Amino acid sequence: MAQLTNKTVLDRYLRLEIPDQKCQAMYVWVDGSGENLRSKTRTLNFIPKAPEELPIWNFDGSSTGQAEGSNSDVYLHPVALYRDPFRLGNNKLVLCETYKYNKKPTDTNHRYRCTEVMTRAASQHPWFGMEQEYTLLDVDKHPLGWPKNGYPGPQGPYYCGVGASKVYGRDVVEAHYRACLYTGINISGTNAEVMPAQWEFQVGPCEGITMGDDLWMARYLLHRVAEDFGVVVSLDPKPIPGDWNGAGMHTNFSTDAMRNPNGILAIETAIEKLGKVHAAHIRAYDPHGGKDNERRLTGLHETSSIHDFSAGVANRGASIRIPRGVAEEKTGYLEDRRPSSNADPYVVSERLVRTICLDES
Ligand code: ADP
Ligand code: MN
Ligand code: MN
Ligand code: MN
């Protein structure tokens, strides 16, 4: 589909100066699906330095799956502030939590509970690194660059691939990487994935609540950047059935104890605890209670079976992988390979900390 507007023309207007103390603040929030993001802008008459300085705002929750039409106002509470890589200057992106008319968190406001858990475990300094896998689609929902009436050649040459017949959509990946760095998101890398048009970016290590904040804002940037290129981002964990890799959100995790000498013992204890609550974690590791991951965690394509808990050194077919270097040095972190690409990072990080740091299952 042709571009409806022209980015070069838009750029003329984005370069117009705005008054000194004015700021465009783009409020961003997770909608009622628990997967999709929404955003809207207001003008501020000051340049905010911290989220607490921003006004609480509201929106029509009946249009986002977050309220009934008869009682539709949902509140937006600013919780994290980022530089805006699209509008530049002093303009801001504002990550928000959502609250109902009765001041209770909405059903998909998982940050509220995550914050409480992270506060209680703060002395153990939980660190996370999340690997966000995703698939680029054409606007017709066909994977980007795939032949319209068939499939590309089988998997093999695409992972970390180079060349026009190996990777599709690198422009999106590069633009997104720079946009993340500009905003202050702790992005740590990117790579082309096993299925063509599938990519990954990593965020971390991040401590506590900042993991979920940075990952959600990185997702927002990805959707926005792709929009500029006329490309669609899918976080579906198994976008193409059959012999094609699915998409996950591997979550690397450590505490002070694990990062200390002989931390491998704390890692082994953590794995034992995780094994006892496998089913509960599977229910929490995608937005549909495990249904999405059923299509992905088959035991094939570098996944473990959804029904079994397993762990192993350098084993990409296990639920939990201990990286080779960690086993050798006896200190470091573990990788939980089960979370789905569309999982809520607040839920995943909260679960890991409750189980491993707080013994609350
Ligand atoms: P993989 O080999 O599984 O593809 P990646 O390099 O994609 O691994 O991702 C590894 C992630 O682990 C990165 O996001 C990195 O920030 C994170 N990480 C590294 N050290 C730690 C640690 N001690 N605790 C938590 N996360 C960590
Ligand atoms: Mn990776
Ligand atoms: Mn990967
Ligand atoms: Mn991984």
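The values are calculated or read from the model by the stated rules, or taken from the named source; none is laboratory data. Model, not experiment: these values are computed from the prediction. All Cβ positions, glycine included, derive from the backbone under ideal geometry; neighbour counts span all protein chains shown. When the accessible area is computed, the model is the full protein with side chains, heavy atoms only, and any ligands, DNA or RNA have been set aside. Shrake-Rupley method; radii C 1.70, N 1.55, O 1.52, S 1.80 Å.
Brief remarks follow.
- Positive minus negative residues near LYS22 (Lys, Arg vs Asp, Glu; Cβ under 14 Å): 0
- Here the contact order of the stretch 149-260, divided by its residue count and restricted to Cα pairs under 8 Å and six or more residues apart, works out to 21 percent.
- Only Cα pairs under 8 Å and 6+ residues apart enter the sum, and on that basis the relative contact order of the chain stands at 16 percent.
- Under the Karplus curve 6.51 cos²θ - 1.76 cosθ + 1.60, θ = phi - 60°, whole-Hz ³J(HN,Hα) for the stretch 238-245, x wherever Gly or Pro sits: 8, x, 10, x, x, 7, 10, 4
- The length gained on full extension between SER63 and ASN262, counted as 0.36 nm times the residue separation minus their Cα-Cα distance, comes to 66.4 nm.
- Accessible area per residue was computed with a 1.4 Å probe on protein heavy atoms; ARG83 scores about 110 Å².
- Value of relative contact order over the stretch 17-109, rounded to a whole percent, pairs C-alpha under 8 Å and six or more apart: 30
- Neighbour-limited loop hits for GluC sites (Glu not before Pro), the stretch 39-119 (at most 15 other Cβ within 10 Å; DSSP other than H, G, I, E, B): GLU68
- Only helices enter this figure: runs of n ≥ 4 DSSP H residues, each worth -39500 (n - 2.57), summed and divided by the residues of the chain, yield -8000 deg cm²/dmol at 222 nm to the nearest 500.
- Cβ-based net charge around TYR182, under 11 Å, with every Lys or Arg adding one and every Asp or Glu removing one: +1
- Model label points for ASN45 and VAL9, set 7 angstrom from Cα along the Cα-to-Cβ axis, are 3.4 nm apart.
- Per-residue ³J(HN,Hα) for the stretch 334-348, Karplus 6.51 cos²θ - 1.76 cosθ + 1.60, θ = phi - 60°, Hz, x for Gly and Pro: 10, 10, 8, 8, 7, x, 6, 4, 9, 5, 8, x, 5, 5, 5
- The chain, accessible surface, carbon-and-sulfur percent (1.4 angstrom probe): 50
- Compared with the alpha-carbon gap, the fully stretched path from ASP107 to GLN155 is longer by 13.4 nm at 0.36 nm per residue.
- Ranking of TRP57, TRP127, TRP146 by solvent-accessible surface, largest first: TRP127, TRP57, TRP146 (1.4 Å probe, protein heavy atoms only, all chains present).
- Cross-link pairs beyond the 31 Å C-alpha cut-off, checked among LYS22/LYS141; LYS92/LYS238; LYS49/LYS103; LYS166/LYS273; LYS40/LYS276: LYS22/LYS141; LYS92/LYS238; LYS166/LYS273; LYS40/LYS276
- Nearest-0.05 FRET efficiency for SER123 and LEU300, computed from C-beta distance (R0 41 Å): 0.50
- For the chain: accessible area per residue (Å², 1.4 Å): 46
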